[in-house]
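Student: Got a structure for you, written out below as structure tokens; questions coming shortly.
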Amino acid sequence: MLNPNYIVGFVDGEGCFCVSLNRKNQQIPEVRLIFEIELREDDLDILKSIQLALRCGNIYYLKYDRYAKWRPHVKYKVSNFTDISQKIIPFFRKYPLQAKKRLSFEKFCKVAEIIETKEHLTAGGIERINNILHGDSLDALDAHVQWGATEIT
């Protein structure tokens, strides 16, 4: 069994906490939470170990035909809300993320609370979710632009 701190470090570097809003011709978009890690297929064993440790999710094989030089990938994905709320979120609350991925996780948890109360089925809930996801206008820039950056020694 993998050390939980190893999993945390791995997810800090390679994981993704995603909030998906899909309109599908509806007034109120469908809101989904997705936790995933995508790697080259030669790292399949580590994804299987993480899946075993977290006790949920599925692994998918991905082939990028349009990118001839890319090797096939594998993706560990958890999208079942019960698994996310009862396994993924409690795990990362017990073993906190240490890098900037922690901020994505915090937003992910706030949206999970909105889904838990069914508020995501209302226009007001969708507005709250959008504010959580896009409220900090610098979020989109901070990965690409460092205004006034100074060297850290």
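The values are calculated or read from the model by the stated rules, or taken from the named source; none is laboratory data. Just so it is clear, the model here is predicted, and its values are computed rather than measured. Here Cβ is always computed from backbone atoms with ideal geometry, including for glycine, and neighbour counts include all displayed protein chains.
Student: Quick check on my filter: what residues within the range 81-95 are surrounded by fewer than 16 Cβ atoms within 10 Å (Cβ to Cβ), over 13 Å from Arg32 (Cβ atoms) and not polar (S, T, N, Q)?
Tutor: Pro90, Arg93, Lys94, listed by residue number.
Student: So which of Gly57, Gly125 ends up being under 23 Å from Arg23 (Cβ atoms), surrounded by 13 or more Cβ atoms within 10 Å (Cβ to Cβ) and among the small types (Gly, Ala, Ser)?
Tutor: Gly125
Student: Taking the options Ala123, Ala99, Ala112, name whichever one is over 17 Å from the mean Cα position of the chain (by Cα) and among the small types (Gly, Ala, Ser).
Tutor: Ala123
Student: Could you tell me whether the range 66-78 includes any residue that is modelled with pLDDT of 95 or more, of a type in the set (Lys, Arg), part of a helix (DSSP H, G or I) and touching a strand residue (DSSP E or B) at 6+ places or on another chain (Cβ under 8 Å)?
Tutor: Within the range 66-78, none of the residues are modelled with pLDDT of 95 or more, of a type in the set (Lys, Arg), part of a helix (DSSP H, G or I) and touching a strand residue (DSSP E or B) at 6+ places or on another chain (Cβ under 8 Å).
Student: Identify all residues within the range 71-129 that are touching a residue at least 12 places away in the same chain (Cβ under 8 Å), of a type in the set (D, E, K, R) and within 22 Å of Pro29 (Cβ to Cβ); write none if there are none.
Tutor: Correct list: Lys77, Asp83, Lys107, Lys110, Glu116, Arg128.
Student: Within the range 8-26, take every residue that is over 16 Å from Ser85 (Cβ atoms), at pLDDT 95 or above and out of contact with any helix residue (DSSP H, G or I) (no Cβ under 6 Å at 6 or more places or on another chain) and give me the one that is surrounded by the most Cβ atoms within 10 Å (Cβ to Cβ).
Tutor: Val11
Student: Pairs needed: first member in the range 27-49, loosely packed, with under 13 Cβ neighbours inside 10 Å; second member anywhere, in a helix (DSSP H, G or I); C-beta distance under 9 Å; at least 6 residues apart or different chains.
Tutor: Short answer, once both residue conditions are applied: Gln27/Ala123; Glu30/His120.
Student: Tally up the residues in the range 43-65 that are assigned to a loop (DSSP other than H, G, I, E, B) and at pLDDT below 95, please.
Tutor: 3
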